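Worksheet for the structure shown next.
The values are calculated or read from the model by the stated rules, or taken from the named source; none is laboratory data. Keep in mind that what you see is a predicted model, and the values were worked out from it rather than measured. All Cβ positions, even for glycine, are placed from backbone atoms using ideal geometry, and neighbour counts span all protein chains on display. Ligands, DNA and RNA are excluded from the accessible area calculation, which covers all protein heavy atoms including side chains. Shrake-Rupley method; radii C 1.70, N 1.55, O 1.52, S 1.80 Å.
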Amino acid sequence: DQAQLRALYAELKALPETDRAKHAHILGQLAELIDQKDAALGWYQAIAEDDEHWFNAQLRIAVLYEGAGKRQAALDLAHELQARSADDPKQAGDAYLLEGELLARRGNAEAAAVAVYTRGLQTLPDDTRLLYARALLEANLGRIGEAERDLRRVLELKPDDIDAMNALGYTLADGNSKLEEAFDFIERALKAKPDEPAVIDSFGWVHYRLGNLAEAEKALRRAFEKQPDAEIAAHLGEVLWQ
């Protein structure tokens, strides 16, 4: 509700200066939500280094730099955060994810983003977030074997990771490979997240690969009703064509 967000932002912004400083992080978040990007940048930059929100604010600053076309400044900040967080695996992982996401947003830069995640994994070999992010980009680049390897490693480290189950099942199904195993992964994910459009889409797609066109159509129509996006529409269109 933009009206309520703007009212809350105005209320916090009207506080005395010392109180505003205490709420700089939430003021920055609110400013982003109401599309006042320059104001958000100012609030984040005002957060002191000893503040618990400083690191997260720096992540947002990099994203705002990217959105404003300051691409090199965004990458420079990501690199600085990687160096400064070497002793904190969580923050270091966040910093590598940031750089990869910045690059992935740019045209034809997915391979460069994969290289960033690979660099991060040299330092943080068991960071499941980096493995998962790299796997999704590898799949987009047609590197199915590499994507499968990374997703299987995620599931070794986190056997109950529903997103990784779904992603591995979909990757196998999309590559028309190991379809019975793909079905098992997706079915497990669907039991855990029965109303998740992405999982329902995967369920429909693996049925399609198995030749179960009626089941595929039923699942894909349900997924499209929940989330009418282009990829689900393409899958449904392929099934209807067949």
* Accessible area in square angstrom per residue, the range 146-189, 1.4 angstrom probe -> 46
* Asked: The list [x] 0.94; [y] 1.02; [z] 1.20 gives values of Cα Rg over 2.2 N^0.38 Å, and only one came from this structure; which label was calculated from it?
  -> [z]
* Asked: Taking a probe of 1.4 angstrom, what is the accessible area of TYR96 in Å², to the nearest 10?
  -> 30
* Asked: Which value, in Å² and to the nearest 10, is the accessible area of ASP87 when all protein chains are kept and the probe is 1.4 Å?
  -> 150
* Percent carbon-and-sulfur accessible area, the chain, ignoring ligands, DNA and RNA, probe 1.4 Å -> 50
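I'd like the Kirkwood hydrodynamic radius of the range 114-211, using the inverse of the mean 1/r over distinct C-alpha pairs, in Å.
On the way: mean 1/r = 0.0751 Å⁻¹.
Averaging 1/r across every pair of different Cα atoms and inverting gives 13.3 Å.
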* **In Å², nearest 10: area of HIS79 left accessible to a 1.4 Å probe** => 80
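Tell me what the chain gives for mean residue ellipticity at 222 nm when only DSSP H runs of n ≥ 4 count, each as -39,500 (n - 2.57), the sum divided by the residue total, rounded to 500 deg cm²/dmol. Before the final figure, lay out each step's value.
Details: 15 runs with 188 residues, N = 242.
The helix-only estimate for the chain comes to -24500 deg cm²/dmol at 222 nm.
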* Asked: Taking the Cα-to-Cβ direction at GLU49 and at ASN212 and moving 7 Å from each Cα, how far apart do the two end points lie in nm?
  -> 5.8
* Asked: If we count GluC sites (Glu not before Pro) as exposed when they sit in a DSSP loop and have at most 13 other beta carbons within 10 Å, what is the longest stretch of the chain that avoids them all?
  -> 53-242
* Asked: Pairing the Cα long axis of helix 71-84 with the longest principal axis of the chain, what angle in degrees results, from 0 to 90 and rounded to the nearest 10?
  -> 90
* What nm distance separates the two modelled labels at ILE144 and ALA73, each placed 7 Å from Cα along Cα→Cβ? -> 4.4
* Could you tell me whether the range 1-91 comes out rounded, prolate or oblate from its Cα gyration tensor? Rule is a ≥ b ≥ c as square roots of the eigenvalues, rounded for a/c under 1.5, then prolate if a/b exceeds b/c, otherwise oblate. => oblate
